[in-house]
Structure formats: C-alpha cells, structure tokens
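These notes concern the structure reproduced below.
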Amino acid sequence: MADVDVLVVGAGPVGLTAACELRRRGVRCRVIDRLPAPQPFAKAVGIQPRTLEIWDRMGVAREALAAAAPLRGQLLYVNGAEQARIELTLPPEVPYRFAALPQYATERILAELLARWETPVDRGTELVDFEQDTDEVRACLVLPSGAQEWIRTGFLLGCDGAHSIVRKTLGLRFEGGAFPEEYMLGDVEVDWELPAGYAVRAMHRSDGRVDDLLVCIPLPGRNRYRMSMLVPPELSLPQQPSEEEVLHGLETGPTPGLPHIQAVLDRLSPQPTRASALRWSSVFRISHRLVDRYGAGRVFVAGDAAHIHPPTGAQGMNTGIQDAYNLAWKVALAVRSAASEGLLRSYHAERHPVGEEVVQRTVRHAGSGVQADPDDPSTVMQREAQLLVGYRGSPIVGPDRQPDQGPAAGDRAPDCGGLRHDLTAFPFRLFDLLRGQEHTLLLYADDEAQLAPYDEVVASARRGAQGQLSVWVIAAPYLRTDGLVLPVVHDGLDAFRQMYGARGGEGFLIRPDGYLGLRDAPVSGPGLVAHLALTFRG
C-alpha cells in the first residue's frame, strides 16, 4: 500500500489548490516545498473573476474578498499624455469582478483551508528524484535535516514552478524563449491623486519603440502599488538568456532601493509623486515556454511547471489554479479506482490548448498591450477574466453541437439568480447548487408531463456516476411540483431558461470543476449513462 495517495510538490497557489481539492474529496495528500517558509512577495497580484468563482466553490471566496482590493481598470500613458482609460466591466450575471490580492495572501488563505483537513505543508523538504511504474510512484525526498526519505505514492503532482524538478525528471520538453530585458519589482506607497483601483501603464516611446516602462498594480491599502519597470544598468546581471536555460522569475543579486524606483517615477509618473514604505523589491526576468505534455503515467505538471509567459493581464497564477482545479477531481476519482481509462489523459487534452493560447496571447500583449486586441471589448474582457476558457471537443464532454442559445458542452456553466425554494424566503443563485464535490444534474421542466420520467432518468444517472451525483429539478415559475421526490427550485425570474436556452425536458450535466459536460434534450437515462462512462469506470 502506498504511503500517501498523492504527493504534491510545491506549496504555491497551484499546489495548495490541488491539495485542498484532493483533501476535500478525502484523498490522503502530502504537500512538500523546498523553501523553509512562504515567500513574503507580492509576485502574482491580479485575481480573475473565474478564480473567484473557483474559490466560491472551494469555500474561501469570503476570505479572499475580505483581503483583496478591487481592480477597476487601467490608465494608459504614452510620453506623459493619457492615451486610454480601460474599464474592467463584465456582464451583470457574472458574480465576481477583478481583484488585486498579493500572492502571499493567496497562499495564506489556501494554506489555512488546507489546515482544516489537518494537512500541513512539509517545508524545507525537496524532491530530488522519482521513478514510476503502472502501480505507483516512488519519490526520493531530502528532509530539512539533510536525511533522505523514499516514499511510495499513487500519484505525483509537480506544482514546483518554472524550474520544476518534476518536469525535468519526467523528461518533458519545455520549448520557447526569453525576453532580453530585465525588470525590477517594488512594493511601495505613493502620494499621487490618481483614481483608486486603476492600474497604471506609462511608457516612453522613441523612434517607434518603447524604451522606458512603468507598470503599477494597485494593492490593498491606501495608494499602495506593486510596480515593475526596466532595470537600470547598475542592477543588471551579466547572465544572458539562452534557449536551453529557463530564466524566469525573481533573481538573486542586487535589489532595487527606493532611489531606483523614484528615478523611474520621476521620468514616467503621470503626476509628480514620492515613493515610500518599500516593503520588498527584486529583479526578475521573463520567459515564454510551454511543456509538450502535461504529464506521463502517474505524474503530472501544473502552473509554471507547465507554462510560463509575460505577466500581462495577470494570467499566469490564475491559469495554474485552473490547471490544479481541472486535475484534482480527476485524480481523486483515479485514487478511488472510479476513473475511466481515459479520464486522466483528458487533463492534457483540456489544459494544454489553454496553456498554448495563454502563452501566445500574453507574448502578443506584452508588445502591443491588451487594448490592441482586435476583438470587441466585451470579448476581450471576458477572455482576460478567463470566463471563455472551455473544453469543447474534449474526449470527456458531450457532442460539440452549438445550441441555439446558452452554453455548449465543454463551456463554463454560467451563474444566474432568482431561483426559489419552497423552504427559503430568499432567492438562490445557481452557483449555490453547484458547490458539491460531484457532478450535478440539472433537469429543466416547463410542463408537468416532463416530470414523470425524471425518477428513472436520475436512477440511471446515479448508477453511471457510481452515486457521485447531485440532482436538482429547475422548474418554470408557474409549474406545480407537489409530490415530486426530487429536490426542486423554481426559475423565479426566468433567468435560467434565458441564460441556458433551456427547453422543457432538457438535462444539463455540470462537472465538478463547473464546466458543462453534456446537455441532452430530451434528457434520457441511456444518454447520461453513455456520457458518464467517459468519466467513470464501468
């Protein structure tokens, strides 16, 4: 028997997300990180609305909202003149907005959640080697004492960053390149009077190219920002990027001080201002690379171990969190021997195209800016919010048929409001019904005759899902459902029908990660069983 079901390597936001989702499903985890303590840096700052939706389902949205600050938009300046003001607006049915939260706060919130399952992070513990066969993974760890420990685990998740030992040991290709520029980061306060909640991007252009740059992301606190800018010559490191070596992230060496940051502000700040209260600073480089496979056998990679790219649009950490969220529920089924033969392979099939798109888009935006995207502003904003990430064509979702209205199989399941339950005096959101750990079957009805076969449909679906299925009937506002054994909410504002394009007798199967696995009209037991066989072992 394995010592632990899953070994998670890396206790950043990605590894902690994976571990929390595994522990929420009762999977035995061990989480290790080679660093002796969490880093106190505000590296990743932007939190996308989709990530807040995930945290809602995980049960930490309240803690995140209490610690975060709103991101309302971006002010763009070129050669001292304001060029654009971008407002971060989303459709009203999207429940969360853009937020700023320092990475150390994100890690604290997730670590506290993990601690509820009595699962600590083993710090100062490093993975140095592993081997695997069809039954298990054997991993060699170096403990804080320097002693070695070999452990047996069912699965190994490499969430260990751009220099991932898991990726290297697995022999995955990590192709791409690096930007020649070096940057410096600083967490400071300023005394300008620019509107709160707006990021600032100020550039100097000469002869058609940008030769000076200042990017300021608001942080919680009054006039506090995480600033990035080009490195002055005296802080530049002699090391140059190569095709083979991954140069990405914070570097050791000279660190910027307030005078270095102030010099850039004096050149580029839209208003005269004075920087103060420097909390930390560093020099960093940026690469863009994508792994060729997201895993092999019983070992997988996620986050920066799988994809690195410019920080434009705050896509990196959020994409990594979605990697972990996609992977964890699948691994949990595999641990219980409940997964179909192809379920774990769907991780690469679904997430590799997402990583590829994000790398390409952020590299493009790094040069031209998000505002230069040719799509309409609403599409651009929803893509940046990661609300358009989807898995159409995945081997474990239903037929790729575009419905007349609403999401298709593989799309994110959108929220809606106005659902009424007979036992409550307040309305529900659809997301209130989707917080479980299992698949959720939504059965829409606008005629009493449609209710009669639902008991048989649900019995078949529960067998196909090995009992791991929650079910709700969503009934039209006027429909009588007295005597129905299945749980019912009424579509009080007709919002579900409109948002999903629902027809009477139609069924919607929502995956544990909040994506639509199948929509079937009219819903049938055999159709659901056949679809669930793509996920669950027969």
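The C-alpha atoms of the chain define a longest principal axis, and helix 13-24 lies at about 20 degrees to it.
Note on region 266-382: with charges restricted to the Cβ of Lys and Arg (+1) and Asp and Glu (-1), its dipole about the Cα centre is near 480 debye. The magnitude of the dipole of the chain, with charges of +1 and -1 set on the Cβ of Lys/Arg and Asp/Glu and taken from the Cα centre, is near 520 debye.
Split the accessible area of the chain by element, probe 1.4 Å, and carbon with sulfur accounts for 51%.
Which loop trypsin sites (Lys or Arg not before Pro) in region 120-196, with loop taken from DSSP, have no more than 11 other Cβ atoms within 10 angstrom of their Cβ? Show your work: numbers first, answer last.
Details: sites: R123, R138, R152, R167, K168, R173; in loops: R173.
Those that pass, being in a loop and sparsely packed, are R173.
A straight line joining the Cα centroids of region 278-304 and region 111-148 runs 19 Å. With only Cα atoms counted, region 254-310 has Rg and Dmax values of 18.8, 57 Å. Tell me the trypsin sites (Lys or Arg not before Pro) within region 454-538 that lie in a loop according to DSSP and have at most 14 other beta-carbon atoms within 10 Å. When the trypsin sites (Lys or Arg not before Pro) of region 454-538 are filtered for loop state and at most 14 Cβ neighbours within 10 Å, R480, R537 remain.
Computed with the Debye formula from one identical point scatterer per Cα of region 1-142, without solvent, the log10 of I(q)/I(0) at q = 0.13, 0.16, 0.17, 0.20 Å⁻¹ comes to -0.69, -0.90, -0.97, -1.19. Overall dimensions of region 471-538, expressed as equivalent-ellipsoid semi-axes from the Cα gyration tensor (√(5λ), whole Å, largest first), are 24, 14, 11.
Projecting the Cα atoms of A37, Q83, H260 onto the charge dipole of the chain (Cβ charges, centred on the Cα centre) puts A37 farthest toward the positive pole.
Per residue, how much accessible surface does the chain expose to a 1.4 Å probe? Answer in Å², no decimals.
Details: 21930 Å² over 538 residues.
Ligands and nucleic acids excluded, the figure is 41 Å² per residue.
Normalised by the number of residues in region 392-538, the average gap of Cα pairs under 8 Å and 6 or more apart makes the relative contact order 33 percent. Taken about its Cα centre, region 311-463 carries a charge dipole of roughly 640 debye when the Cβ of each Lys and Arg holds +1 and the Cβ of each Asp and Glu holds -1. Helices in the chain, meaning DSSP H runs of at least 4 residues, each add -39500 (n - 2.57). Divided by all residues, the mean residue ellipticity at 222 nm is -7500 deg cm²/dmol. Report the percentage of all Cα-Cα pairs in region 72-182 whose separation exceeds 16 Å, rounded to a whole percent. Looking at region 72-182, the distances longer than 16 Å represent 78 percent of pairs.
Selection among W117, T440, V331 by position relative to the dipole of the chain gives W117 as farthest towards the positive end (Cβ unit charges, Cα centre). Where Rh denotes the Kirkwood radius from the mean inverse Cα pair distance, what is Rg over Rh for region 329-447? Computed over Cα atoms, the ratio is 1.03.
Placing pseudo-labels 7 Å out from each Cα toward the beta carbon at R123 and E448 gives an inter-label distance of 6.4 nm.
How large is the convex hull of the Cα atoms of the chain per residue, expressed in Å³ as a whole number? Please list the in-between numbers first.
Working: hull volume 83.7 nm³, N = 538.
Once divided by residue count, the hull of the chain is 155 Å³.
Ordering H348, L486, P272 by the projection of their Cα atoms onto the charge dipole of the chain, which places +1 on the Cβ of Lys and Arg and -1 on the Cβ of Asp and Glu, puts L486 at the extreme positive end. Ignoring the sites themselves, what is the longest stretch of the chain with no GluC sites (Glu not before Pro) in a DSSP loop and at most 10 other beta-carbon atoms within 10 Å? The longest such stretch corresponds to 342-538.
The values are calculated or read from the model by the stated rules, or taken from the named source; none is laboratory data. All values reported here derive from a predicted model rather than from experimental measurement. So basically every Cβ, Gly included, is an ideal-geometry build from the backbone, and we count neighbours across all protein chains shown. Note: accessible area is taken over every heavy atom of the protein model, side chains too, but ligands, DNA and RNA are not part of it. Shrake-Rupley method; radii C 1.70, N 1.55, O 1.52, S 1.80 Å.
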